[in-house]
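The values are calculated or read from the model by the stated rules, or taken from the named source; none is laboratory data. Nothing here was measured: the structure is a model prediction, and the numbers come from that model. Cβ: placed from backbone, ideal geometry, glycine included. Neighbour counts: every protein chain shown. With ligands, DNA and RNA removed, areas are computed over all heavy atoms of the protein, side chains included. Shrake-Rupley method; radii C 1.70, N 1.55, O 1.52, S 1.80 Å.
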Amino acid sequence: IGRPRNSKVIKNSLLTSVWLLNCKYLDDSAFAGHTSLRIASCPRVTTVGNHVFHECFEIVKILLPCAQFVGHGAFADAARLTSISLPKLTVLGTGAFLSTFELKKIIVKETMVTELKRRVPSRTQVTS
């Protein structure tokens, strides 16, 4: 998903769910500030830009089964996010899970488990 240069991001909208079935890339800050967003399903996305779900305070479920790259602060301040599965993840930007207070479980491929354990709070279970 991308937006034209000089376009404005709609923030604090009433958007509650997003289903992007054919999208492969989520542009920087694509959904940032959508405080009502609760579910995002992006089954073909391989690249998640920086701050894509930043300040999506109500999001509880994000489906990104093909995401290989996740940018800086991608899920920062997604305070209600409880679990996420990123089985194809190879690159994770700094602060991707900053202030995800309810995050209990992250599923990644085996080669990423050790790195993720160093980068998320100890209360978060990281498995493959």
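List of remarks:
- When the Cα positions of 75, 125, 52 are compared along the charge dipole of the chain, 125 comes out farthest toward the positive end, with charges on each C-beta of Lys, Arg, Asp and Glu.
- Residue 44 contributes an accessible area of around 130 Å² to the protein surface, as traced by a 1.4 Å probe with all chains present.
- Computed from phi, the 3J(HN,Hα) profile of the stretch 76-82 under the Karplus parametrisation 6.51, -1.76, 1.60 (θ = phi - 60°) reads 4, 6, 7, 4, 9, 4, 9 Hz, with x in place of Gly and Pro.
- Matching the structure-derived Kirkwood radius over Cα pairs in Å against the labelled list (i) 14.7; (ii) 14.2; (iii) 17.4 gives the label (ii).
- Relative contact order, percent, the chain [alpha-carbon distance under 8 Å, six or more residues apart]: 17 percent
- Student exercise, the chain dipole from Lys, Arg, Asp, Glu Cβ charges, in Debye to nearest 20: 140 debye
- Percent accessible area from carbon and sulfur atoms, the chain, protein chains only, probe 1.4 Å: 54 percent
- Remark on residue 96: its backbone amide H falls under 5 Å from those of 73, 74, a criterion applied only to residues 5 or more positions apart or on other chains, H modelled at 1.01 Å from N.
- Surface per residue (accessible, 1.4 Å probe) for the chain, Å²: 53 Å²
- Residues with amide H under 5 Å from that of residue 45, placed H, sequence gap 5 or more: 66
- Value at 222 nm in deg cm²/dmol, rounded to 500, when DSSP H runs of n ≥ 4 in the chain each add -39,500 (n - 2.57): -1500 deg cm²/dmol
- Rounded to the nearest Hz, the phi-derived 3J(HN,Hα) couplings of the stretch 107-118 under the Karplus curve 6.51 cos²θ - 1.76 cosθ + 1.60 (θ = phi - 60°) are 10, 9, 5, 3, 5, 9, 4, 4, 4, 5, 4, 6, where x marks glycine and proline.
- By accessible area with a 1.4 Å probe, ligands and nucleic acids excluded, highest first: order of 86, 14: 14, 86
- Extension gain (nm, one decimal) between residue 123 and residue 98, 0.36 nm per residue minus Cα-Cα: 7.6 nm
- In Hz, Karplus ³J(HN,Hα) per residue of the stretch 38-48 (6.51, -1.76, 1.60; θ = phi - 60°; x = Gly, Pro): 10, 9, 9, 10, 9, x, 10, 5, 9, 10, 10
- Amide H partners (placed H, <5 Å) of residue 59, local residues excluded: 80
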